[in-house]
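Below: the structure, in structure tokens.
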Amino acid sequence: MASFKAVRIDKTDSGSQAAFVDFDEADLMDGDVTVRVTHSTVNYKDGLAITGKSPVVRRFPMIPGVDFAGIVESSASPEFKPGDQVVLNGWGVGEMHLGGYAQKARVKSDWLVPLPAGLDAAQAMAIGTAGYTAMLALMALEKHGITPAMGPAIVTGAAGGVGSVAVALLKNAGYHVIASTGRPEEADYLHGLGADEIMTRKDFEGPVRPLMKERWAAGID
């Protein structure tokens, strides 16, 4: 198709405006792989980009969508061939490079990974960037030698996208998980994910003490 459906954000005199449009394939940005997008997710950044609530978009026009899954249509890279199923997370897509809220995307092959075995595109995007972020955090703990034997792990914003996946991942890794949330009504949901304890914002109410002042008084650098 010479054109395809996309959400496009344009800069206007009053800010930015998002619309559902026909987008010309010739206007896609540089890349060595063209993907027919089948699924994407709704991330916080995408909400900010579409509503213009924050300067997430760095170039105009922009197609939002910080991640996507789809099928390779054409490729100049030896790493991928037409018909391959792929996933993309990050790389400035939806901010500086046209993103996943469209029927097509053209990106650099280095940004793509093969769809993991055992998952379909819908499942991959159900995990999405939120799950990817949570797993990076767990991998960082492992890289720094942190283990469950060292004590419990607390997850802030536990009822959100990243937090929910983090609770499940940490529990599966053997941690005693403390879920911190501003939505105590989500306690059953968080326990179902594996949280051992629930903390709410009320648990942190009280007079604030300057931490660094206490550290200096104790002679701690």
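The values are calculated or read from the model by the stated rules, or taken from the named source; none is laboratory data. As the structure is a computational prediction, the values presented were derived from the model and not from experiment. Neighbour counts run over all protein chains shown; Cβ positions are idealised from the backbone, glycine included.
Among the residues of segment 126-155, just one is surrounded by 15 or more Cβ atoms within 10 Å (Cβ to Cβ) and either charged (D, E, K, R) or over 24 Å from the mean Cα position of the chain (by Cα) (or both), namely Pro148.
Is it the case that segment 13-28 has a residue that's assigned to a loop (DSSP other than H, G, I, E, B) and within 28 Å of Ala134 (Cβ to Cβ)? The answer is no, given that none of the residues of segment 13-28 is assigned to a loop (DSSP other than H, G, I, E, B) and within 28 Å of Ala134 (Cβ to Cβ). Listed by first and then second residue, the pairs with beta-carbon distance under 6 Å, at least 6 apart or on different chains, first residue in segment 176-187 and surrounded by 17 or more Cβ atoms within 10 Å (Cβ to Cβ), second of a type in the set (Asp, Glu) and not in a strand (DSSP E or B), are Val177/Asp196.
Can you find, within segment 80-104, the residue that is nearest to Ala49 (Cα to Cα) among those that are among the charged types (D, E, K, R) and without any contact (Cβ under 8 Å) to a residue 40 or more places away in the chain? Here the answer is Asp84.
Got at least one residue in segment 75-88 being within 18 Å of the chain's Cα centre (by Cα), aliphatic (A, V, I, L, M) and surrounded by fewer than 21 Cβ atoms within 10 Å (Cβ to Cβ)? Don't jump to the end; show me each part of the working.
Our first condition is that a residue be within 18 Å of the chain's Cα centre (by Cα); within segment 75-88, this holds for 86-88.
Still in the running and aliphatic (A, V, I, L, M): 86-88.
After this cut, where a residue has to be surrounded by fewer than 21 Cβ atoms within 10 Å (Cβ to Cβ) as well, the list is none.
The answer is no, given that none of the residues of segment 75-88 is within 18 Å of the chain's Cα centre (by Cα), aliphatic (A, V, I, L, M) and surrounded by fewer than 21 Cβ atoms within 10 Å (Cβ to Cβ).
In segment 112-125, which residues are in contact (Cβ under 8 Å) with a residue 24 or more places away in the chain and surrounded by fewer than 19 Cβ atoms within 10 Å (Cβ to Cβ)? Step through it out loud before you land on a result.
Taking segment 112-125 first, the residues in contact (Cβ under 8 Å) with a residue 24 or more places away in the chain are 112-116, 121-122, 124-125.
If the condition is that a residue be in contact (Cβ under 8 Å) with a residue 24 or more places away in the chain and surrounded by fewer than 19 Cβ atoms within 10 Å (Cβ to Cβ), then Val113, Pro114, Leu115, Pro116, Ala122 are the ones that fit.
Count, please, the residues in segment 188-221 that happen to be among the basic types (Lys, Arg) and either at pLDDT 80 or above or exposed (fewer than 10 other Cβ atoms within 10 Å of the Cβ) (or both). Total satisfying the criteria: 3.
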